Protein chains: 2
Amino acid sequence: MSPKRTNPPRILITNDDGIHAPGIMALYRAMRPLGEVHIVAPVVEKSGAAHAITMTDPLKVTRVDREDGFSGFAITGTPSDCVKLAIGGLLKFTPDLVVSGINQGDNSATNAIYSGTVAGAREGALMGAPAIAFSLASFRYRDFTLSQKIATLVAERVLREGLPEDALLNVNIPPVEPADLQGIKMASMGKSRYEDFFEERFNPQKQPYFWLQGRKITLDEDPRTDDLVVNSGYVAITPLQVDQTHYGMMDRFGDWDWPLGE
Amino acid sequence: MSPKRTNPPRILITNDDGIHAPGIMALYRAMRPLGEVHIVAPVVEKSGAAHAITMTDPLKVTRVDREDGFSGFAITGTPSDCVKLAIGGLLKFTPDLVVSGINQGDNSATNAIYSGTVAGAREGALMGAPAIAFSLASFRYRDFTLSQKIATLVAERVLREGLPEDALLNVNIPPVEPADLQGIKMASMGKSRYEDFFEERFNPQKQPYFWLQGRKITLDEDPRTDDLVVNSGYVAITPLQVDQTHYGMMDRFGDWDWPLGE
C-alpha cells in the first residue's frame, strides 16, 4: 500500500497495557513530532487479549485528559475493540498509521499470537492502515528511552514508504541503553513453546481456582528469528502477514472424495 | 507430525460457544466412535475471543455431568485457556487430537483471526497435538447432521495421517443437508473486511455505551478461497499455519542503518 497520507499524518495509538501504562506515554512522545496523534486504548490492562473483540458486552468510553497534554479515550475493551471503535465510531476516518504499545515485555516468537499489542496493529492492517506494534523485550527494564527513539525511526520510515497490504510490523526492542544497541535487523517470527503451570488456590469458601503461569521456551536455532535477534542486542523488526494459509499443505492434502448423497 | 497415538486415541474437545451449546454436543457425538473423549470448554459463550488467554484473572473449573453421557469441565476462560488448562492441569497429557467447535457461524476468511474456535485448535497445535476447528457456516441453520458427519470424517483422516507441525485445519461446513453437499475442497484463507457499526445506547444514568456490530464483506474473487468454497455448497478445509512471518517483506526491507551510539 503506497502512502496516501494527509498532511500532517493522522496517527492512532493503542496498546494492551492500558491507557495509564508508561509505555503508551513513551509512544505518544515518539509520535508527537510526526503528526496529529489520537489515542484510544483499554482502560485496564489487557495483556494476553490476542485479537479478541467484545461481542457479548457493550463498550464504555471515558475521556482521559492529563496535564502533560496526553489526551485520549479509555475503552472497556481490547486493543482490537479500540481500533475498531476509533475508526468506526470515535474518529470516523482511517488513520495514516496505527501504532500499538510500547508493550512492557517481549512479543517475539509465539508471543505474537497471544499479544494484544500485536493484535491492535493487526486490526489496523485489516482496516487498511499501515500498522506497527512496539514492545520492550523485558518485564523488568522500565527505561523506554531507546524504545521511544526506535518507535519514531520506524514510524517515520513507514509513513514515508508505506507497507504492503496484508502486512504489519512487529518491533521488539532489547532492554539496553541507546549507546549499547547493536543495530536493527529484519527477523522472522520464531518458534517457542510454553511450559504451562497452573497454581491452585482456594477461596474463603474452600473452592479451588487456578492461576495460569507459563514459562516461554525458545526453540529456535536460526539467528534470523526474532527472539534470537533481540537476545543478541538488536532491534528485531518482524513483518507479519494477515493471511495464515499453510500453502504447502493445500497441495499435499488435495480434495477429498465425498460419497454424494450418503 | 506423524501420528504416535495411544490406542484408543485420546481426543480433547473444546469450543467457543460454551459447554452448553448444541454444536459441542454434535462434536461429542462425532468423536465418540473414534476414541476416548475429554471435554474442557468455556462455561459461557466466548465468541470473538480469538487467541486470548486469561492472565489477569484466575480460572474457575466446574464439572459438568449430563444424563446423556456428556461429561466434562466448564472453565471461566477462553478456548485457549481450556486447552492450556486441560493439557497442563486437568488431563496432564497431550491428546492425540484437539478438536474445537462445532461453531454456530462461519469462521472462514478474516473470521479465522477473531475466532475463539480456531484459536482452540491453534493452541492444540502449539502444544504439539494435531488440531481441527469445525464451524457450521450459518448463524440461522441449526441442523448439525452434516457437520457431525464431516467432523467424524476429517478427524478420522487426521488421526490416521497426522498433520505437519505448525499446522491446523480450519473446516467450514455449508448449511445444507448431507444429500445436498457438493463435495469437500481444500481452500485458502480468504480476505474479508468488516464494516463496523457502533450502536450507541444510554444507561438509566444517561451515560452512553456502544454495541459493536459488523457486517462481513467478502473481498475474494479466487474460487479456492474458503468463503467462496463454502458459498458454493462445498465443505472448505483451510490448512492454517502458526508462523505469521511475511517472508516476502523480509527481503524487501532488509536491515536498517542505525547510527550507533547516537
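The values are calculated or read from the model by the stated rules, or taken from the named source; none is laboratory data. Computed from a predicted model, the values in this text were never measured in an experiment. A quick note on method: Cβ atoms are made from the backbone with ideal geometry, for glycine too, and the neighbour counts reach across all protein chains shown.
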| said: Take the conditions within 30 Å of A:Asp227 (Cα to Cα) and more than 7 Å from chain A (Cβ to nearest Cβ) and apply them to B:Glu165. Does it pass? | reply: yes
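Would you mind finding the one in A:Ile184, A:Ile173 that is among the β-branched types (Val, Ile, Thr) and within 8 Å of another protein chain (Cβ to nearest Cβ)?
A:Ile184
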| query | Among the residues of the range A:220-238, is there at least one that is exposed (fewer than 12 other Cβ atoms within 10 Å of the Cβ), over 30 Å from B:Gly88 (Cβ atoms) and touching a residue at least 24 places away in the same chain (Cβ under 8 Å)? | reply | no
| note | Expected single match for of a type in the set (S, T, N, Q) and within 13 Å of chain A (Cβ to nearest Cβ) among B:Asn7, B:Asn107, B:Asn15 is B:Asn107
| said: within 30 Å of A:Pro79 (Cβ to Cβ), surrounded by fewer than 24 Cβ atoms within 10 Å (Cβ to Cβ), within 17 Å of the chain's Cα centre (by Cα) and in contact (Cβ under 8 Å) with a residue 60 or more places away in the chain: is that true of B:Gly23 in this structure? | reply: no
| task | Determine whether the range B:121-135 contains at least one residue that is under 16 Å from B:Asp16 (Cα atoms), in a helix (DSSP H, G or I) and touching a Gly at 6+ places or on another chain (Cβ under 6 Å). | result | no
| Among the residues of the range B:46-56, how many are on the phi < 0 side of the Ramachandran plot, out of contact with any Ser or Thr (no Cβ under 6 Å at 6 or more places or on another chain) and touching a residue at least 12 places away in the same chain (Cβ under 8 Å)? | 2
| Flag if A:Gly48 is at pLDDT 95 or above, assigned to a loop (DSSP other than H, G, I, E, B), within 14 Å of the chain's Cα centre (by Cα) and not acidic (Asp, Glu) | no
| Selected residue (criterion: farthest from B:Thr225 (Cα to Cα)) from residues of the range A:191-249 that are in contact with a helix residue (DSSP H, G or I) (Cβ under 6 Å, 6 or more places away or on another chain) and not in a loop (DSSP other than H, G, I, E, B) | A:Phe198
| request: Spot the failing condition for A:Met25; the list is (1) more than 23 Å from B:Ala119 (Cα to Cα); (2) touching a strand residue (DSSP E or B) at 6+ places or on another chain (Cβ under 6 Å); (3) away from every other protein chain (no Cβ under 14 Å), and only one is missed. | output: (2)
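Of all residues in the range B:146-190, how many are of a type in the set (Gly, Ala, Ser), in a strand (DSSP E or B) and either under 16 Å from the mean Cα position of the chain (by Cα) or buried (at least 21 other Cβ atoms within 10 Å of the Cβ) (or both)?
Qualifying residue count, the range B:146-190: 2.
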| query | Here are some conditions: (1) at pLDDT below 95; (2) more than 9 Å from every other protein chain (Cβ to nearest Cβ); (3) touching a Ser or Thr at 6+ places or on another chain (Cβ under 6 Å). A:Arg66 meets all but one. Which one does it not meet? | reply | (3)
| task | Return a yes/no flag: does the range B:80-96 have any residue that is more than 10 Å from chain A (Cβ to nearest Cβ), out of contact with any strand residue (DSSP E or B) (no Cβ under 9 Å at 6 or more places or on another chain), not in a strand (DSSP E or B) and not polar (S, T, N, Q). | result | yes
